[in-house]
Amino acid sequence: MRRLFSLLCLWLLTGAADPILVPEVSQHEVEVRQGFTGTELLLYGAILDPSGIRAGRDYDIVVILKGPTRSIIVREKQRFAGIWINGASGEYRSAPGYYAVASSRPIDKIVDTRTAAIYEMGLSSLQLSPIGTIDPNKQRRFADGLVGLMAADGLYQQNDGAVTISEQVLYQARIRLPSSVPVGRYTAETLAISRGRVVASATAHVNVSKRGFERGIAEFADQLGLLYGLLAVGIAVGMGLAAGRIFARF
């Protein structure tokens, strides 16, 4: 709130020529501990027009929260001899582990498809960077499948109309982080749009990190992957043998 107030005072003193966006996030640090069930972030701020007129009637707001990118392989299931097996696959170089967009109106009512693609506004405009050459129709099928799977887990979201603008200056949007949210540095980008054109943008950041026992397990798996895998298999086998002996007595 101090940052928001300071920038508002700066705008009043300098009389800036361009619109100014002042974004803020309710939590800059999200800690994932045992029993974490997810959380809700409040992304809010203000947009000020250089004319001094309150901006809510002239601007749309789009907020994009994006997590760290990673490479992902999507495999297509095929039925063979009565069973499902892995078929064709597609690999993507930089798919975000988390992506959410909220807007004051449906995105297709705010910008054209070209502008949406440039700023990655909306699930259909995500730039997933496929690796290798692939038939465009197959590429679209794999991309739609990836987006559908991530959306089902709550990791990809599109919330049209979720941004509210009050008193024609202040805006806010609530975005849900599920329990399976990946750790890393997140970027919250706010875009102000007028007559189909992005006229101002600003970013804020959120860090999602593991704490306590979960952090120790994650670091162990990352630094000693082979040993972690052997221990996991050993524990699974041991539990299976123990369960077999217990049920054999009945």
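Computed from the coordinates by the stated procedures, all read-outs in this text should not be read as laboratory data. Just so it is clear, the model here is predicted, and its values are computed rather than measured. All Cβ positions, even for glycine, are placed from backbone atoms using ideal geometry, and neighbour counts span all protein chains on display.
Please enumerate, by chain and number, the lysines with C-alpha under 26 Å from the C-alpha of LYS210, excluding those fewer than 8 residues away in the same chain.
Straight-distance partners of LYS210: LYS66.
Cβ neighbours within 10 Å, averaged per peptide: list 159-170, 111-122 in order, most packed at the top.
Working: 159-170: 15.2, 111-122: 16.7.
Descending packing order for the listed peptides: 111-122, 159-170.
Take the Cβ-Cβ distance between SER26 and ARG141 as r, set R0 to 35 Å, and report the resulting FRET efficiency rounded to the nearest 0.05. Intermediate results must be reported in sequence, preceding the final value.
Working: r = 38 Å, r/R0 = 1.08.
Plugging the Cβ-Cβ distance into 1/(1 + (r/R0)^6) gives 0.40.
By how many nm would the segment from SER89 to LEU42 lengthen if fully extended, with 0.36 nm per residue of separation less the alpha-carbon distance?
Values: separation 47, 0.36 × 47 = 16.92 nm, distance 3.72 nm.
Fully extending the segment from SER89 to LEU42 adds 13.2 nm.
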